[in-house]
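> Below: one structure in structure tokens.
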Amino acid sequence: MQKKLFVLLSVLVLASMLLAACGSAPVATEAPAAPAATEAAPAATEAPAATAVPAQPDDKEVTLTLGSWRVDDVAAWEKIAAAFHAEYPNITLKFDPTNPPDYNAALRTQLETGTGPDLFFVRSFTVGRELFGAGYIASLKDLPGLTDAFSASAYAPWATDSGEPYAVPISAVSHGIYYNKELFAANGIEIPKTWEELMAASKKLLDAGVIPFANGTKDAWDINEVVMMQLIPSDIGGYEGRMAYLNGDRCFNSDEMVAAFQQIADLRPYVPSGFEATSYYDGQQLFAQGLAAMMFDGSWSINDFKRDSTDFEWGVFYPPALAGKDLYVTFHPDAAIGANAASANLDAAKTFLAWLETNEFSELLGNNIPGFFPMAKSAPALTDPIANDFMSFNNQAKGVDIRFVWEKLMEPPAGSVDAYTSLNNNVIAVLKGVETPKEAADAFNADVAAWYAPSAGCITK
Amino acid sequence: MSQANDSQKRKAGVFDVKDRRQTTWIFFLLPALLVYLIFMAIPLFDSLRLSLYTGKGYTPTTFVGFQNYIDLFTNPLWRERFFGAVKNTTIFFMIHMLVQNTLGLLFANLLSPNFKGRELFRTIIFTPATLSVLVVGFLWTLILNPNWGAINKILISVGLKQFALPWLGREGLALPIISLTSAWQWVGMPTVMFLAGLMNVPEELLEAARIDGASEWEIFWKIKFPLLKPVVGIVSILTFVDNFNAFDVVYAMAGAKGEPGYSTDLLATLFYRTGIAGEHPVGIPNMGMGAAIAGVTFFILMAGVLLWLYLSRRGAEDV
């Protein structure tokens, strides 16, 4: 009988424990309030101390976490964090990156549950603006020096339409064609000055049994971001040209856009024979093995090429414009750092953000992570020669602009195709020969004009 | 034992030994039931609830009724993606049924008689199933690589250059190839299950048939296969459930977007892109719509399983 009672009781205890665990599930949504409360407690106890010694509010030891999508740059960021710590001994910076494809969703989840890092990398335009609009990023309109250290066009990708900044720009990326100098010399090829010369050089290489371009379409994004979007500015006339599309003055199937798609069609004979199943990394390996003479890629890959392409001399040049057109270069704002509006250490976080405006930071970033270019006005010269070559494109060009679809064209209403996806699908269709350049431009226009209000006049049915 | 006798005993006392035996089973069931409720049933219903909401981010908060489902079936873009995914998943499933399960049955038949090296072959056939799907997907992606993959190298070396295709890069080709890779990996599962089924076929029946002069072909179709029918049913339903939930092999070999051109986009990759990862490069998920896709997938699976239960029960009554 006693045994029976014991069994009954233990089952009841077990059940109530499980039910309690179950019951806590809905409470979990309120969990973020808990850390906030515990953080508020020390703050409250410190408040009188702060009033007693108002001159030294920075004295307490603070550890700031920095969220990022740059998993490859841990070593460089540890150097940067050490330099910052040397200057501000009471603030320690901890770099805590997330796998790039998961970054946006993971960060958002962290912010919503109150577990976000104190500081975090902010994507340009749409994604960052959306987080700021939702109240997760602290406004930086009072951050000293921000608007002096950066040009308006440098911080605009991380500011509201009315010009209120919410993140400090740290790096931009450039693009170009990596080329094998030995294969160029062996075939008597000089760096081409026009697109037509580039195609003639490609023909020469192909006839010599070399794959002219290593790019494929298996991963899809690269043909769009590192090929199409670095050709577009020269075709459409840079920033002014892009604004004509965004204002609705030009339709997305204009002759300039058809010309860009035509360039993709021109590349068709010169990509690897199995380009449909050649991935981004396959392309880099084809180049590294000396099987392909050129590859469209971003400045962020400098270190990959240095690591893999060790058997020959190589360099970079920007894809030239069509004969008779001016050269415009895609120099794209990539990353900025913002502060978590709910951070308990917002003052320390802003101290760090202000430090990002210094030349010391620009130098540390530009030289430790070649291919990511500091965006401050007074950024010093870089030590990496390839990185400097990328920077020189900006001086050779008539103008510099961002990637075509990044501003305003990636936030369609649910159930519509964004301009990035549409451009990507149509570029691949042209390269595969499924669509003509004109058909592709028409399809691109139909997708975007369907929802982008300024282009409403471009809808053709 | 009569009813009266039973109730008399019950009245005799709560702590009656016999009575205890009749009710204690509930307590043994309780832990499993609770685990099932907490980790399966509640999340499932919560996901169905979520499909009635919309909003950006982690917890969609705006109630929209069945709007997500209506959009899924009426908005041209969603409809195209969704029915594309249903079609691809169905093809994926059919290829598994046709190749994986047929080969499984064949291998089980070849392995059922006792011969030297039988264990070795059984191990070889089952080994791929013990590997990670990502590893298998990655290895086959390398083998199928158009630039340095073994398959195209072999084809070119024997003079079949025109057949050295970019296997994973062509619409219409990529999905069958990925399905075959998956079938290659999992063929050990139906093999083992059919083998177990064949072991249960009474030896006397086969012996009697042989004495009556039946050929091996006749023995298979007239004796073994009818007795294997319950196993065929279980293998089919497991394949169905696995395939309609399949995600990893496509993710490993074609990416979350179901490249090329959505031709390998399964229900699970569409769900992942919509509800969890978001579209590159913005990456803001639409959790409500994702939950709606998961909801429809759930109903497809439930319909399939109910159909199987109905058929297998009718089959049982026939026997």
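> Say we join alpha carbon atoms closer than 10 Å with springs in a Gaussian network model of chain B; which of B:ALA164, B:ALA214, B:ALA291 then has the biggest fluctuation?
Among B:ALA164, B:ALA214, B:ALA291, the largest mean-square fluctuation in the Gaussian network model of chain B belongs to B:ALA214.
> Another question, then. Per residue of A:411-419, how many C-beta atoms from partner chains lie within 10 Å of its own C-beta, taken as a mean?
4
> Along its three principal axes, how long is region B:65-318 when you only count alpha carbons? Whole Å, largest extent first please.
Its Cα atoms span 70, 55, 28 Å along the three principal axes.
> Based on the mean of other Cβ atoms within 10 Å per residue, sort peptides A:226-233, B:61-68 so the most packed one is first.
Working: A:226-233: 25.8, B:61-68: 14.2.
Top of the packing list down: A:226-233, B:61-68.
> Here's a follow-up. To the nearest 0.05, how large is the calculated FRET efficiency for B:LEU106 and B:SER157 if R₀ is 41 Å and r is the Cβ-Cβ distance?
Computed FRET efficiency for B:LEU106 and B:SER157: 0.85.
> Next question, about the same structure. Could you order the peptides A:213-220, A:191-198, B:281-288 from most to least packed, using the average number of other C-beta atoms within 10 Å per residue?
A:213-220, B:281-288, A:191-198
> Using DSSP H assignments, which helices in chain B have an axial alpha-carbon span of 24 Å or above and a mean Kyte-Doolittle hydropathy of 1.0 or higher? Display every interim value, and only then the final one.
Numbers: long enough: B:76-95 (28 Å, 0.38); B:225-244 (27 Å, 1.48); B:287-318 (46 Å, 1.09).
Taking the DSSP H segments of chain B (at least 24 Å long, mean hydropathy at least 1.0), we get B:225-244, B:287-318.
> Once label points are set 7 Å from the Cα along Cα→Cβ at both B:GLU203 and A:ASP207, what is their separation, rounded to one decimal in nm?
Here the answer is 7.7 nm between the modelled labels.
> Does region B:18-135 come out rounded, prolate or oblate by the C-alpha gyration tensor, with a ≥ b ≥ c the root eigenvalues, rounded set by a/c under 1.5 and, if not, prolate when a/b is larger than b/c and oblate if not?
The shape class here is oblate.
> Name the residue, out of B:THR59, B:THR90, B:THR102, whose mean-square fluctuation peaks in a Gaussian network model built on chain B with Cα pairs under 10 Å.
B:THR59
> Return the single residue from B:PHE45, B:PHE138, B:PHE247 with maximal mean-square fluctuation; model: Gaussian network over chain B, springs between Cα atoms under 10 Å.
Comparing B:PHE45, B:PHE138, B:PHE247 in the GNM, the peak value goes to B:PHE45.
> Which order do the peptides A:85-97, B:149-161, A:439-451 take when ranked by the mean count of other beta-carbon atoms within 10 Å per residue, highest first? Intermediate results must be reported in sequence, preceding the final value.
Details: A:85-97: 15.1, B:149-161: 13.5, A:439-451: 21.5.
Those peptides, ordered most packed to least, come out A:439-451, A:85-97, B:149-161.
> Counting other Cβ atoms within 10 Å, keep those with at most 12, restrict to DSSP loop, and tell me which trypsin sites (Lys or Arg not before Pro) in region A:376-429 are left.
A:LYS377
> Once phi is turned into θ = phi - 60°, what whole-Hz ³J(HN,Hα) does the Karplus curve with 6.51, -1.76 and 1.60 give for every residue of region A:140-153, x standing for Gly and Pro?
Listing the rounded values in order: 10, 5, 9, 5, x, x, 4, 6, 8, 6, 10, 6, 4, 5 Hz.
> Under 13 Å from a point 7 Å along the Cα-to-Cβ line of A:ASP72: which residues of region A:267-299 have their amide N that close?
A:280-282, A:284-285, A:297-299
> Which helices, counted as full DSSP H runs in chain A, have an axial Cα extent of no less than 30 Å and a Kyte-Doolittle average of 1.0 or above?
Taking the DSSP H segments of chain A (at least 30 Å long, mean hydropathy at least 1.0), we get A:2-28.
> How crowded by other chains is B:145-156, given as the mean number of beta carbons from other chains within 10 Å of each beta carbon?
4
> May I pose another question? What average count of beta carbons from other chains do you get within 10 Å of the Cβ of residues in B:27-38?
That works out to 3 on average.
> What whole number of Å gives the distance from the Cα centroid of region A:304-379 to the Cα centroid of region A:104-123?
22
> Once the protein assembly as shown is represented by equal point scatterers at the alpha-carbon sites, with solvent omitted, what log10 I(q)/I(0) does the Debye formula produce at q = 0.06 Å⁻¹?
For the protein assembly as shown at q = 0.06 Å⁻¹, log10 I(q)/I(0) is -0.51.
> How far apart, in nm, are two points set 7 Å out from the Cα along the Cα-to-Cβ line at A:GLU87 and at A:SER273?
Simple spin-label model gives 5.6 nm for this pair.
> Using the basic label-point model (7 angstrom from Cα toward the beta carbon), what is the A:GLU439 to A:THR115 distance in nanometres?
4.9
> Something else: Convex hull volume of the Cα atoms in region A:83-159, per residue, in Å³?
Working: hull volume 10.2 nm³, N = 77.
Given the Cα convex hull of region A:83-159, per-residue volume reads 133 Å³.
> Could you list, in their original order, any pairs among A:LYS432/B:LYS257; A:LYS193/A:LYS408; A:LYS350/A:LYS408; A:LYS181/A:LYS398; A:LYS325/A:LYS377; A:LYS193/A:LYS438 whose Cα atoms are separated by more than 21 Å?
From A:LYS432/B:LYS257; A:LYS193/A:LYS408; A:LYS350/A:LYS408; A:LYS181/A:LYS398; A:LYS325/A:LYS377; A:LYS193/A:LYS438, over 21 Å: A:LYS193/A:LYS408; A:LYS350/A:LYS408; A:LYS181/A:LYS398; A:LYS325/A:LYS377; A:LYS193/A:LYS438.
> How big is the equivalent ellipsoid of chain A along its three axes, where each semi-axis is √(5λ) from the Cα gyration tensor, reported in whole Å from largest to smallest?
With the √(5λ) rule applied to chain A, the semi-axes are 46, 28, 24 Å.
> Quick check: residue separation of A:THR383 and A:ASN187 times 0.36 nm, minus the Cα distance between them. What number comes out in nm?
Length difference between fully extended and current span is 67.4 nm.
> Counting each pair of different Cα atoms once, what's the Kirkwood radius of region A:46-201 in Å, rounded to one decimal?
Result for region A:46-201 stands at 19.4 Å.
Each value in this text was obtained by applying a stated rule to the coordinates, not by laboratory testing. Everything numeric in this text was worked out from a predicted model, so none of it was measured. Don't worry about glycine lacking a Cβ; one is built from the backbone with ideal geometry, like all the others, and counts go over all protein chains shown.
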